[in-house]
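Data first, discussion second: the structure below is written as structure tokens.
The values are calculated or read from the model by the stated rules, or taken from the named source; none is laboratory data. Quick caveat, the model's predicted, so the values are computed rather than measured. Positions of Cβ are backbone-derived with ideal geometry, glycine not excepted, and every protein chain shown enters the neighbour counts. We work out accessible area using only protein heavy atoms, side chains counted, and drop any ligands, DNA or RNA first. Shrake-Rupley method; radii C 1.70, N 1.55, O 1.52, S 1.80 Å.
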Amino acid sequence: MKSETFFVSSDSASVSVGADDLVRAITAEAARRGIEPRIVRTGSRGLYFLEPMFELETQEGRFGFQPEGTMAECVTEMFDIGVEARTCLGLMDDLPWLHKQERLTFERCGIVDPRSINDYRFHGGFLGLERALGMAPEDIVAAVTESGLRGRGGAGFPAGVKWSTVRGAPGDVKYVCCNADEGDSGTFADRMLMEGDPFLLIEGMIIAGLAVGAGKGFIYIRSEYPAAIQMMRQAIETARIAGWLGGDIRESGKAFDIEIREGAGAYVCGEETAMLESLEGKRGMVRAKPPLPALEGLFGRPTVVNNVLTLAAVPMIVARGAAFYRNYGMGHSRGTQPFQLAGCIRNGGLVEKAFGTTLRTLIEDFGGGTATGRPLKAVQVGGPLGGYIPEHLLDLPADYEALAEAGFMLGHGGLVVFDDRADMLEQARFAMEFCAIESCGKCTPCRLGAQRGVEVIDRVAAGVEPAKNLALLDDLCTLMKDGSLCALGGLTPMPVRTALYHFPGDFERAAAQGDIRWA
Amino acid sequence: MTIVKTPVDLAGRIGRILSEHEAVEGACLVVLQAIQREFGYVPAGALEPVARALNLSHADVYGVLTFYHDLRRAPPARHVVRVCQSEACQAMGSRSLTEQLSRRFDIGLGETTADGATTLEAVYCLGNCALSPAVTVDGALYGRATEFLVLERLGAAE
Ligand code: SF4
Ligand code: FES
């Protein structure tokens with residue numbers, strides 16, 4: 001066998017189940033055969049259920065291999081008989097899991113070497129920025145508005161409207177802040193993108209800067225993502241050296257630079273105003289709005305605050321035109337959404353699809369059902385503040401409006417599957433507990449209400465006046481929803497209420513048994 | 001009670017960190033994070049010089065120090081095991097994994113073993129939700145985690 005090229009993911013999740021060991025196995029076996037293999041460390045394709053895996057380059061394309069048994073055996077067999085090996089998955093591009101997706105934002109992730117700016121360019125990178133450098137700023141804003149792009153952070157606010165407010169705001173110092181504090185359980189798309197295609201985020205931020213007249217950007221990345229932080233730092237340095245970032249971008253006379261700030265383990269800093277406080281070095285306490293961050297944001301200046309996936313969608317919109325992006329999706333949900341399948345699911349990973357696909361398609365066709373093969377009980381969509389959706393509602397389309405109408409929310413696109421062993425009283429209790437732990441403390445309904453919520457649920461579980469305490473819990477949920485300043489306190493009732501409403505049996509059973517696990 | 005010794009040459013090392021961050025806007029959190037990287041925690045003696053250099057009150061700096069879960073006021077144990085407690089990991093048994101480790105080490109979350117070797121901590125999502133349950137052992141991330149895996153990693157670290 002002549003010198004071969006292999007691709008192995010260096011994404012932290014892939015490494016967490018042995019991708020580095022696989023590289024060592026390939027290197028060792030090759031050395032035994034006197035071959036020096038070329039091993040490219042890519043990001044992840046998002047097929048985490050197949051990890052650790054590797055790909056071999058051939059004239060027909062890249063073939064995937066998933067070791068069963070020991071890695072050494074698989075590698076030996078692959079060197080002996082190539083794609084005839086039992087562990088060969090076939091051509092990657094033909095895998096239904098990838099084939100059936102609509103990958104726009106993640107088109108390069110898992111394919112290119114995230115450390116190589118040349119690889120990025122070669123695969124279509126910087127085309128959007130090159131165009132943007134020659135455009136009038138208002139035309140960039142118009143393109144983003146026309147594309148229908150909405151903030152992917154949760155609320156789904158139209159990105160173009162926000163940009164145009166910042167653009168029109170008085171003042172010469174403006175900022176672009178990228179919210180990379182993706183703390184929701186069941187979400188990992190931001191991490192995957194930053195580790196697998198970091199230049200895309202950089203490109204999106206520069207375009208945002210050009211559009212609104214900002215000279216500086218910050219990326220606020222959660223500390224739980226050390227590999228993403230390191231990759232982004234390295235990519236910024238590389239982009240600066242290559243002249244894509246800094247005082248004179250590609251000799252255009254235009255300037256933009258990016259600084260990374262690391263979070264410090266506070267979930268509430270994912271809320272945009274708490275993030276701004278944290279970026280200013282203070283306690284991450286939520287600010288009351290108005291003033292809008294678009295007018296008075298970081299250090300009191302007009303600021304664009306966008307999520308990673310929002311900014312990462314921008315280069316494609318500018319490069320290929322607003323209509324191209326708009327053509328994906330349905331209703332007011334345009335473009336694609338990277339959905340993340342997690343929890344008790346057989347095929348966990350990232351699926352990018354146009355809006356409008358149903359939860360059932362995602363969970364059954366892509367996800368392959370539960371990991372245990374047991375019946376599915378609930379899916380939590382939209383992170384710890386998202387609702388628990390019962391099996392019979394899985395035909396809901398996964399888009400902003402359809403979910404909102406049914407009393408749920410899409411949030412960051414994370415789907416967490418639970419099988420029938422889940423106890424929904426326990427999950428409702430956790431929602432309150434999490435809110436109590438992470439509350440910034442600014443308003444009483446959240447700070448004290450969440451603590452009370454835990455106590456009331458414990459009383460139900462202990463069989464203490466269950467009917468009365470459930471009524472009290474409902475009242476508390478209304479108070480938190482109406483009286484909280486931000487989404488943490490305001491949305492915690494969603495998982496609690498949906499658990500209660502759709503799974504009353506779990507509460508009744510606990511109450512009847514007087515289960516006093518937490519007493 | 002743990003007795004926290006004052007680190008050697010505290011003033012000099014803090015002074016160096018402060019001068020390295022002179023150009024940073026809104027530097028308080030960044031400086032505290034740098035101090036924690038240097039010492040493993042934020043020593044009590046660091047508050048005064050940080051407040052003075054950044055023109056903040058002692059209370060401001062203390063407020064930042066106590067707000068963030070990551071910042072520590074005492075040195076950590078030699079080994080830190082963090083177990084994800086969020087929903088995707090719960091769905092794959094992180095609660096029972098936590099109980100097993102608690103029993104094995106005879107400590108609860110947020111506590112350190114009697115010999116001071118290992119701390120068990122809660123963490124809320126490591127972005128490894130598709131390979132849950134997720135843990136970190138001394139900062140290294142593991143997916144599809146089991147009690148055996150954690151003990152093996154700790155053994156390897158000794
Ligand atoms: S709802 Fe909670 S987190 Fe939000 S501002 Fe109020 S106390 Fe802070
Ligand atoms: S929920 Fe545990 S890693 Fe995300």
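Looking only at the stretch B:77-122, which residues are open to solvent by 30 Å² or more (accessible area, probe 1.4 Å) and either at the interface with chain A (Cβ under 10 Å from one of its Cβ atoms) or under 24 Å from A:Cys269 (Cα atoms) (or both)?
Correct list: B:Arg82, B:Met92, B:Arg95, B:Leu109, B:Gly110, B:Glu121, B:Ala122.
Residue check: is A:Gly265 within 17 Å of A:Cys178 (Cβ to Cβ) and of a type in the set (Gly, Ala, Ser)?
Values: within 17 Å of A:Cys178 (Cβ to Cβ): no; of a type in the set (Gly, Ala, Ser): yes.
Judged against the criteria, A:Gly265 is not a match.
Quick one: would you say A:Ala371 is within 11 Å of chain B (Cβ to nearest Cβ), small (Gly, Ala, Ser) and in a loop (DSSP other than H, G, I, E, B)? Before the answer, list the steps.
Working: within 11 Å of chain B (Cβ to nearest Cβ): yes; small (Gly, Ala, Ser): yes; in a loop (DSSP other than H, G, I, E, B): yes.
Judged against the criteria, A:Ala371 is a match.
So, B:Val42, is that one among the aliphatic types (A, V, I, L, M) and either at the interface with another protein chain (Cβ under 8 Å from one of its Cβ atoms) or under 30 Å from B:Thr146 (Cα atoms) (or both) or not? So that I can check it myself, show each step before the final result.
Numbers: among the aliphatic types (A, V, I, L, M): yes; either at the interface with another protein chain (Cβ under 8 Å from one of its Cβ atoms) or under 30 Å from B:Thr146 (Cα atoms) (or both): no.
Taking the combined requirement at face value, the residue does not satisfy it.
Those residues that are under 22 Å from A:Gly414 (Cα atoms) and of a type in the set (D, E, K, R), I need them from the stretch A:1-56; list them, please.
Across the stretch A:1-56, the qualifying residues are A:Asp11, A:Arg45, A:Glu51.
Can you find even one residue in the stretch B:102-118 that is touching a residue at least 24 places away in the same chain (Cβ under 8 Å) and within 16 Å of ligand 1 (Cβ to nearest atom)?
Filtering the stretch B:102-118 for residues touching a residue at least 24 places away in the same chain (Cβ under 8 Å) gives B:104, B:109, B:112-113, B:116-118.
Narrowing the set further to residues that are within 16 Å of ligand 1 (Cβ to nearest atom) leaves none.
No - not one qualifying residue is present in the stretch B:102-118.
Picking from A:Ala436, A:Ala450, A:Ala431, which residue would you name as being touching a helix residue (DSSP H, G or I) at 6+ places or on another chain (Cβ under 7 Å), in a helix (DSSP H, G or I) and in contact (Cβ under 8 Å) with a residue 60 or more places away in the chain? Break it down stepwise before answering.
Values: A:Ala436 fails: in contact (Cβ under 8 Å) with a residue 60 or more places away in the chain; A:Ala450 fails: in contact (Cβ under 8 Å) with a residue 60 or more places away in the chain.
Being touching a helix residue (DSSP H, G or I) at 6+ places or on another chain (Cβ under 7 Å), in a helix (DSSP H, G or I) and in contact (Cβ under 8 Å) with a residue 60 or more places away in the chain holds for just one of A:Ala436, A:Ala450, A:Ala431, which is A:Ala431.
Mind telling me which of the residues A:Glu107, A:Glu130, A:Glu102, A:Glu29 ends up being farther than 30 Å from A:Ile206 by Cβ and among the charged types (D, E, K, R)?
Values: A:Glu107 fails: farther than 30 Å from A:Ile206 by Cβ; A:Glu130 fails: farther than 30 Å from A:Ile206 by Cβ; A:Glu102 fails: farther than 30 Å from A:Ile206 by Cβ.
It is A:Glu29.
Can you name the residue in the stretch A:167-182 that is open to solvent by less than 10 Å² (accessible area, probe 1.4 Å) and within 14 Å of the chain's Cα centre (by Cα) and is also farthest from the other protein chains (Cβ to nearest Cβ) among such residues?
A:Cys178
Any idea which of (1) within 13 Å of chain B (Cβ to nearest Cβ); (2) more than 16 Å from ligand 2 (Cβ to nearest atom); (3) crowded, with 20+ Cβ neighbours inside 10 Å is the one A:Phe507 doesn't satisfy?
Only one criterion is unmet by A:Phe507, namely (1).
Could you look through the stretch A:379-395, keep only residues that are in a strand (DSSP E or B) and crowded, with 22+ Cβ neighbours inside 10 Å, and pick out the one that is nearest to ligand 2 (Cβ to nearest atom)? I'd like the intermediate steps shown before the answer.
Applying the first criterion (in a strand (DSSP E or B)) to the stretch A:379-395 yields A:379-381, A:388-390.
Among the residues that remain, those that are also crowded, with 22+ Cβ neighbours inside 10 Å are: A:379-381, A:388-389.
Numbers: A:Val379: 14, A:Gln380: 10, A:Val381: 14, A:Tyr388: 15, A:Ile389: 18 Å.
Looking at residues that are in a strand (DSSP E or B) and crowded, with 22+ Cβ neighbours inside 10 Å, I get A:Gln380.
Filter the stretch A:470-497 for residues that are open to solvent by less than 30 Å² (accessible area, probe 1.4 Å), more than 16 Å from ligand 2 (Cβ to nearest atom) and within 14 Å of chain B (Cβ to nearest Cβ) and give the result. Can you show your working first?
Let us first name the residues in the stretch A:470-497 that are open to solvent by less than 30 Å² (accessible area, probe 1.4 Å), namely A:473, A:476-477, A:480, A:484, A:486, A:488-490, A:492-493, A:495-496.
Going one step further and asking which of them are more than 16 Å from ligand 2 (Cβ to nearest atom), we end up with A:473, A:476-477, A:480, A:484, A:486, A:488-490, A:492-493, A:496.
If the condition is that a residue be open to solvent by less than 30 Å² (accessible area, probe 1.4 Å), more than 16 Å from ligand 2 (Cβ to nearest atom) and within 14 Å of chain B (Cβ to nearest Cβ), then A:Leu488, A:Thr492, A:Val496 are the ones that fit.
Looking for something modelled with pLDDT of 95 or more, of a type in the set (Gly, Ala, Ser) and in contact with a strand residue (DSSP E or B) (Cβ under 6 Å, 6 or more places away or on another chain) - is there at least one such residue anywhere in the stretch A:387-395?
no
Based on this model, can you work out whether A:Ser164 counts as open to solvent by less than 50 Å² (accessible area, probe 1.4 Å) and either more than 14 Å from every other protein chain (Cβ to nearest Cβ) or modelled with pLDDT of 95 or more (or both)? Outline the logic, then answer.
Details: open to solvent by less than 50 Å² (accessible area, probe 1.4 Å): no; either more than 14 Å from every other protein chain (Cβ to nearest Cβ) or modelled with pLDDT of 95 or more (or both): yes.
Answer is no for this residue.
Take the stretch A:410-458 and flag every residue that is of a type in the set (Asp, Glu) and within 16 Å of ligand 1 (Cβ to nearest atom).
The initial filter retains those residues of the stretch A:410-458 that are of a type in the set (Asp, Glu), namely A:419-420, A:423, A:426, A:433, A:438, A:455, A:458.
Correct list: A:Glu433, A:Glu438.
Quick grid of which residues meet (1) hydrophobic (A, V, I, L, M, F, W, C); (2) in contact with a Cys (Cβ under 6 Å, 6 or more places away or on another chain):
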residue: A:Ile317; (1), (2): yes, no
residue: A:Gly329; (1), (2): no, no
residue: A:Gly335; (1), (2): no, no
residue: A:Ala371; (1), (2): yes, yes
residue: A:Arg374; (1), (2): no, no
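Regarding the stretch A:396-409, can at least one residue be identified that is open to solvent by less than 30 Å² (accessible area, probe 1.4 Å) and within 16 Å of ligand 2 (Cβ to nearest atom)?
No, every residue in the stretch A:396-409 fails to be open to solvent by less than 30 Å² (accessible area, probe 1.4 Å) and within 16 Å of ligand 2 (Cβ to nearest atom).
Restricting to the stretch A:270-299, count the residues that are surrounded by fewer than 21 Cβ atoms within 10 Å (Cβ to Cβ) and in a loop (DSSP other than H, G, I, E, B). Lay out the reasoning, then the answer.
Initial filter on the stretch A:270-299 (surrounded by fewer than 21 Cβ atoms within 10 Å (Cβ to Cβ)): A:280, A:282, A:285, A:287-292, A:295-296, A:299.
In the following step, the residues that additionally are in a loop (DSSP other than H, G, I, E, B) were identified as A:280, A:282, A:285, A:287-292, A:295-296.
The qualifying residues number 11.
Matching residues to (1) under 30 Å from B:Ala122 (Cβ atoms); (2) open to solvent by 10 Å² or more (accessible area, probe 1.4 Å); (3) within 14 Å of chain B (Cβ to nearest Cβ):
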{"position": "A:Arg131", "(1), (2), (3)": "no, yes, no"}
{"position": "A:Ile140", "(1), (2), (3)": "no, no, no"}
{"position": "A:Ala143", "(1), (2), (3)": "no, yes, no"}
{"position": "A:Glu146", "(1), (2), (3)": "no, yes, no"}
{"position": "A:Phe188", "(1), (2), (3)": "yes, no, yes"}
{"position": "A:Asp197", "(1), (2), (3)": "no, no, no"}
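Could you grab me the full set of residues in the stretch A:357-382 that are small (Gly, Ala, Ser) and modelled with pLDDT of 95 or more? Write out each step before concluding.
Going through the stretch A:357-382, the residues small (Gly, Ala, Ser) turn out to be A:367-369, A:371, A:373, A:378, A:382.
Result: A:Gly367, A:Gly368, A:Gly369, A:Ala371, A:Gly373, A:Ala378.
Name the single residue that is farthest from A:Pro37 (Cα to Cα) among those in the stretch A:47-93 being among the β-branched types (Val, Ile, Thr) and open to solvent by 20 Å² or more (accessible area, probe 1.4 Å). First the steps, then the outcome.
From the stretch A:47-93, those among the β-branched types (Val, Ile, Thr) are A:58, A:70, A:75-76, A:81, A:83, A:87; that's our starting set.
Restricting the remaining residues to those that are open to solvent by 20 Å² or more (accessible area, probe 1.4 Å) gives A:58, A:70, A:76, A:81, A:83.
Working: A:Thr58: 14, A:Thr70: 20, A:Thr76: 14, A:Ile81: 16, A:Val83: 17 Å.
Out of the qualifying residues, it is A:Thr70.
I need a count of the residues in the stretch A:262-287 that are touching a residue at least 12 places away in the same chain (Cβ under 8 Å), touching a helix residue (DSSP H, G or I) at 6+ places or on another chain (Cβ under 7 Å) and facing chain B (nearest Cβ under 7 Å).
9
Rundown of residues vs (1) within 14 Å of chain B (Cβ to nearest Cβ); (2) of a type in the set (Asp, Glu), yes/no style:
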{"residue": "A:Ala322", "(1), (2)": "no, no"}
{"residue": "A:Arg326", "(1), (2)": "no, no"}
{"residue": "A:Ser333", "(1), (2)": "no, no"}
{"residue": "A:Asn347", "(1), (2)": "yes, no"}
{"residue": "A:Lys377", "(1), (2)": "yes, no"}
{"residue": "A:Pro384", "(1), (2)": "yes, no"}
{"residue": "A:Glu401", "(1), (2)": "no, yes"}
